[in-house]
Structure formats: structure tokens, C-alpha cells
DNA sequence: CTGTTAGCGCTTTCAT
DNA sequence: ATGAAAGCGCTAACAG
């Protein structure tokens, strides 16, 4: 047993020079030597244990512990062209809505041994292109990205990568591959319909200045304009205020202050996120305005953030954690499918308007 | 030019079979062929452009665009044993405090071309050990992890990895390598001192049931006990309520309700996070208790979350984004240092008690 | 400044 | 059930 059969077992450096190897880490062949088997057998014992006899498996197990072996998945990924990594690209993780998505995807994928490579794209298309390139160079097995508006370069890069791509958090007529999202325009329209139905007439909008908020605002405004044309006498009005991104409580306060200045008789403020909504409510409260009696406020996102604090808040319920889970499970389905062909599949998760009685029946 | 000098340029599969290669992606040698240079020259043109003549650089640039080449960093990492990835391990990203850390580290590292491999460890030591192993198998160039209480297995694994390790968000006498954090025990004690100094006597604690919150509570209680012994007549009391993790507004409300039930004459509630603090304040408000006149509330974390809404809230300021930035810059310093030896370095970023006059002078 | 060669540590394939 | 050989796509080291 003096000499192992592995030609590199004496750990020479590259080119046979006799300085120590760069990493110094335990290799598969070291474990193999310790267990008295071939490297390939160790690989199998670790990755496809059912193909190895129980006796060998145990010996390998022991050798792994003895040597403190940590597999090198970089090498594994190169050899097998499967990295067991999924890239997740979101504008930011400092917003609860995307943090929930990332958390949920990470948790769900971990169950199947996949890891998340995080990419934060900011809110600029140009930045996104750079992040996509960097991330693709890691050869992830799939990529999830928020939004459906990408540069043509980004789209072609993603298609050329020939891996599952899931766009989330928005809707599109022409997804790159898969899509799990909803129409922000439709949400905006639905909110307008809803509030008009409730009897409100004078609206403010406190929206973050990002593309998806713009779409919701457009949907809202379009619906409002239609109502104005149909019922010119009703006095329907809307004023919009764009808050800086990232959205903050302070931004919400400022937006509310500005809206109430411009439109003191404002009855309802529609907000681009729960964060903005809370800022708006803080401002209203500081002015002694009763919510929802004097001013109704509508948020956007999952209720969990705000509901406990502000029972008067109504919101469009979009649960990031749920979207994340759906996305991850969908991907795992792709990975496990007999055919690894990309599936073209549009899935609208819909949305739900959560309205507390206290708020939205107030004026009836 | 009919035949390239690259022996694999005709893209045979492994072992010379003639099915197409697994990935089908453009390789360095494809770019080299298109540019009429050697693969190595392309590599240099991309990674060390200063070593290549301008003419060659331009030809390579053109060939890269022409072929749509996306470097394979998996192969690069294997060959060079530098992955340009930093693993970041936090309990969760669904808490603003850790989300800020991750956001900030990601942003800062991106400036130097590093990417973040995200690991979410939950709050259990056992889970952490598994995540550490998985993450190390990707051979990150460094690892950042929240907390200083790890299993012995985790510690030895991390030491054996021979990469920079930064523990953050806590203090330790025996860090694995580097540490950027603060003592939770000391924070708890400082808060107690502060509130006693302000004249408060009957305290509630609404803490999340995680190790670091426990340490703060211990620091707080120790300080309180000392005061009780020194001034038995003063009527100093404290009751603690442990909220479920992850901390939520609802959990904060429930904790406050329970505390106020047990100790109706409670004067100040110390909270384990801003989230809990906001829940506590919601409950107080719903009971018509004036803050801070009737009940003072202290949070923990960065003010940015809550300050705009609750000017009456006081808090221990721990800015996750700042810690993240510090950590990333510290790491980049290590990477660029002439000596890549691990630096043993304890850095206490300290903390700051932000106290709004309105709250903490209320009883004076 | 550019090219050649020999691996990085693993998995695929084929052979036993 | 186990092993041997070849190669994944890139970069370090040396040679020119």
C-alpha cells in the first residue's frame, strides 16, 4: 500500500514542481487512497450510493470523515455541466417583498440540494445586463429574474444559455421562457374599479418611481379616466406623487404631505408598497386624520408586514413568499422532468384585494 | 486557415464520440480561432488586458462579440483556485436587518467583481453546519457568517478551508478568523443603564427567541439585578416575554399584550427588534396608551425602518448596511493585500443608543 | 507580447 | 459492483 495508484497522490504542484498544491484541500483521490478503492468509487458512493456495495459505502464513509473531505463542486460542475446552482436576480433584497421571494426560493431549492447565486440588479436595465452576464458565467442550472422588461441583449444572452429561465413578478406577452407573475396594469385597474365601487371619488397615488409601479399607476389612471368620461359630473379626480426609490417610510410621508397639499379633499391614497402605505398613514395620523374615516389607504404587497399594526389598512395581496415557492417548485419540476427541454408556460397566479371592512365600507 | 491548431476545435464529445458537446456554449478556443490567436491570448486579453497589445486586444474584443462568448468561470475557478465568490451566511433574509447586510455586502463586493453565494442558516446550529459544508464545496474565496456560536465541527471545517472567515453581528473572545461585530450582552446592559438613568423602574422585554436576543436580555437582566440589590427599595422589576421567530408585528403585539397583562404598571418595553417594537406600539396604541408618556418603547436595529412613522420610538442603532459595507471592504482589503495570510482581527463597531427627546425625557 | 504544455478535481464512458 | 482513461474549459508556468 506504499504507493497509491493515483498518479498525483503525492501532491506535486502543477508541472510536477514540488511546491505544495495551491489549495491544499483533501481530494477525492485522497479519500480513495484512505478507503483503498478507486476515486470513481468514492464519487459513486457519495453521489449514487445505490450503485455501490454496502461494505464499500461504509469504508468510504469512514474515509471521508477521517480525511475531512469536502467535495469540490467547482470541479464537479465543470465535469458534469450541472452546477446545482440557481441564480436569482431581483432589484434589491432590502424590500420585504423581494426578500420574501429570495428567502422562499432559497429554502425550497435547498430541499433538493440547489444553492442560490444572488444577483441584485438595482432598477436599471443596463445594470441588469451586466449582472446577467456575470451570473451566466457561473453556469447556473437555471435563472430566476424579476420583471419582464429586459434589453434585447439580455434576452438573447438568456436564450443562448439554454437553461430554464423564469421571469417573475410581472406579466408579458412574450416571455423568454417561463413566467410566473401577474399584470401590474390589471392590478391598477382592479384597484380603481374597487375603490370607485366603494364610492370614493378623489384619489391620491403615492407610488415608487419604478417601472412596475408605473404600470400599476397607468392601469389605475386609465380606469379612472374612463369613469371620468362616463360620469363627468361625478367629480372623480386623481393626483399622483412619485416617491424616490428605494421606497421608504419617509418617502411615504413626504408623498402624503405633498398629495394632501395639492388635494386637501383627497379621500383615498393608493400606495405602491406597504412601506409607502405605512409612511402615508404616519403622515395622516400626525395630521389628526382618522383612518379610514377621513382618509382610506391602500397598500400593495403581503398583509403580514402591516396588518397587525394597521388594522385599517387595505391592500392588494401579493405574497412574495408564495411566488417564490411556486417558482422554486416549478424549477425543480423542470430539473426532474424526463425531458429537460425548456417549457414555455405562462402561469398567472392572480392576486387578491384584501379589504378590511373598517376601511372600505366606511363611506357607505 | 482551414484547420485550427486547437485539437478540440471540431467539438467532439468526450472520448471522441461525435455527438455534440454537452453545453454547446462558445469556448475560449472558439474565440481564439475567430480572432486568429491562441486561447491563452484571449484569456489574457480578457483578464489582464494590459499584457496584450492593443491590436490583439481589439481583434479579441471583436471575436468575443461576434461569437457571443460568455466566459466559463467554473472552469476558470477550477484552474486558478480563485472563484471570485464570497459566501454570505445569515439566519434569514426576511428580516430587514440581515437583508441590509446582504444588500450592502453584495453591492460593495460587486464593485470588485465578486459575487455572493447566499446561505440561509435558519436559527439552528445543526442547520448551519450543513449550510457551511454545502457552501464550502463551492470553494468561495471568503465566507461571512452571522453569529459567533458555532458547532466545533463548523469551526474546524471553516479553519480547514484556509480562506478568510468573517464573523459578524456578534462578539467573541475566540473568533475563527476575523470578526466585525459587537457584544449583545453589553448592549443589553447599556440599555438597562440608560433606562434606569432615565428614571424608569418597571420594565418589560419583548424579545425574539434567538441566541443573540437571549444575550441582550441577559445583559439587561444582569444590570437590573445589580440595581435591585443596590436599591431594594426602588421597586425595580422586569418581566420578559419571548416572541416566536421569525419576529413579526403580530408577535410584538402579542408580546405586549401578554406583558401588559402580567405587569399593568409597566413603564417601558425593551424590544428585540424594530419589527417587534412596532408591534408593541401598535398594541399600546390600540389600548389608548400614549407613547412615550404612558409607555416608553425601545427598539433594536437601524432607525431608518421606524423613525419616520414613530418619532416617539427610541432604539439601539445597529446599522446592518454599515456592518455589511465594513465587512465587504475588509474582505476586499484581504484579497488585495500582498500577503494573503488570514488576519486575526477583532473590530468592535460599537453601537449607539438613539433616543428621541420625546421618549426618554418624558418622565423627567 | 504571444504561444505551448500540463494540469485544476471531478464525472462520463466504456471495460471488466 | 468497480476501475481506467479521457476530458470538462480554463489558467499557471515556462519558453520563446
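The values are calculated or read from the model by the stated rules, or taken from the named source; none is laboratory data. Just so it is clear, the model here is predicted, and its values are computed rather than measured. Backbone-built Cβ (ideal geometry, glycine too); neighbour counts: all protein chains shown.
Here is a list of conditions, (1) over 30 Å from residue A:107 (Cα atoms); (2) modelled with pLDDT under 85; (3) within 14 Å of another protein chain (Cβ to nearest Cβ), and residue A:283 meets all of them except one; can you say which number that is?
Result: residue A:283 fails condition (2) only.
Among the residues of region B:201-234, write down those that are modelled with pLDDT under 95 and under 19 Å from residue B:264 (Cα atoms).
Result: B:234, single match.
Would you mention how many residues in region B:70-104 are in contact with a helix residue (DSSP H, G or I) (Cβ under 6 Å, 6 or more places away or on another chain) and within 16 Å of DNA strand C (Cβ to nearest atom)?
5
From (1) away from every other protein chain (no Cβ under 14 Å); (2) within 12 Å of DNA strand C (Cβ to nearest atom); (3) modelled with pLDDT under 65, pick out the condition that doesn't hold for residue B:1.
(2)
Name the residue, out of A:113, A:119, that is more than 9 Å from DNA strand D (Cβ to nearest atom) and within 13 Å of the chain's Cα centre (by Cα). Please lay out each step first, then the result.
Details: A:113 fails: within 13 Å of the chain's Cα centre (by Cα).
Among A:113, A:119, only A:119 is more than 9 Å from DNA strand D (Cβ to nearest atom) and within 13 Å of the chain's Cα centre (by Cα).
Consider region A:147-163. How many of its residues are surrounded by 16 or more Cβ atoms within 10 Å (Cβ to Cβ) and either more than 13 Å from chain B (Cβ to nearest Cβ) or in contact with a strand residue (DSSP E or B) (Cβ under 7 Å, 6 or more places away or on another chain) (or both)?
5
Is at least one residue of region B:52-67 within 12 Å of DNA strand D (Cβ to nearest atom) and either modelled with pLDDT under 95 or outside any helix (DSSP H, G or I) (or both)?
Yes - at least one qualifying residue is present in region B:52-67.
State all residues of region B:101-113 that are within 9 Å of chain A (Cβ to nearest Cβ) and surrounded by fewer than 24 Cβ atoms within 10 Å (Cβ to Cβ); if no residue qualifies, say none. Before the answer, list the steps.
Of the residues in region B:101-113, the ones within 9 Å of chain A (Cβ to nearest Cβ) are B:102-104, B:106-107, B:110, B:113.
B:104, B:106, B:107, B:110, B:113, listed by residue number.
Just to check your reading of the model, which residue among A:86, A:144, A:116, A:166 is at the interface with chain B (Cβ under 10 Å from one of its Cβ atoms) and under 29 Å from residue B:133 (Cα atoms)? Full working, then the answer.
On the way: A:86 fails: at the interface with chain B (Cβ under 10 Å from one of its Cβ atoms); A:144 fails: at the interface with chain B (Cβ under 10 Å from one of its Cβ atoms); A:166 fails: at the interface with chain B (Cβ under 10 Å from one of its Cβ atoms).
When all the criteria are applied, what remains is A:116.
Quick check on this structure: which one of A:130, A:63 is within 10 Å of chain B (Cβ to nearest Cβ) and either more than 17 Å from residue A:321 (Cα to Cα) or buried (at least 16 other Cβ atoms within 10 Å of the Cβ) (or both)? Spell out how you get there, then give the answer.
On the way: A:63 fails: within 10 Å of chain B (Cβ to nearest Cβ).
After ruling out the rest, the residue left standing is A:130.
With the condition kept exactly as written, say whether any residue in region A:211-219 is surrounded by fewer than 17 Cβ atoms within 10 Å (Cβ to Cβ) and not in a helix (DSSP H, G or I).
Here is the first cut: in region A:211-219, the residues surrounded by fewer than 17 Cβ atoms within 10 Å (Cβ to Cβ) are A:211, A:218.
Narrowing further to those that are not in a helix (DSSP H, G or I): none.
No, region A:211-219 contains no residue that is surrounded by fewer than 17 Cβ atoms within 10 Å (Cβ to Cβ) and not in a helix (DSSP H, G or I).
How many residues are near DNA strand D (Cβ under 10 Å from one of its atoms), touching a residue at least 24 places away in the same chain (Cβ under 8 Å) and either in a helix (DSSP H, G or I) or within 14 Å of chain A (Cβ to nearest Cβ) (or both) when one looks only at region B:29-51? Step through it out loud before you land on a result.
Taking region B:29-51 first, the residues near DNA strand D (Cβ under 10 Å from one of its atoms) are B:29-32, B:38-48, B:51.
Filter again for touching a residue at least 24 places away in the same chain (Cβ under 8 Å), leaving B:29-32, B:38-39, B:46.
Then drop every residue that is not either in a helix (DSSP H, G or I) or within 14 Å of chain A (Cβ to nearest Cβ) (or both), which leaves B:29-32, B:39, B:46.
Matching residues across region B:29-51 total 6.
Just for region A:153-190: of the residues that are in a strand (DSSP E or B) and at pLDDT below 90, which one is farthest from the chain's Cα centre (by Cα)?
Step by step, filter region A:153-190, then rank; the result is A:178.
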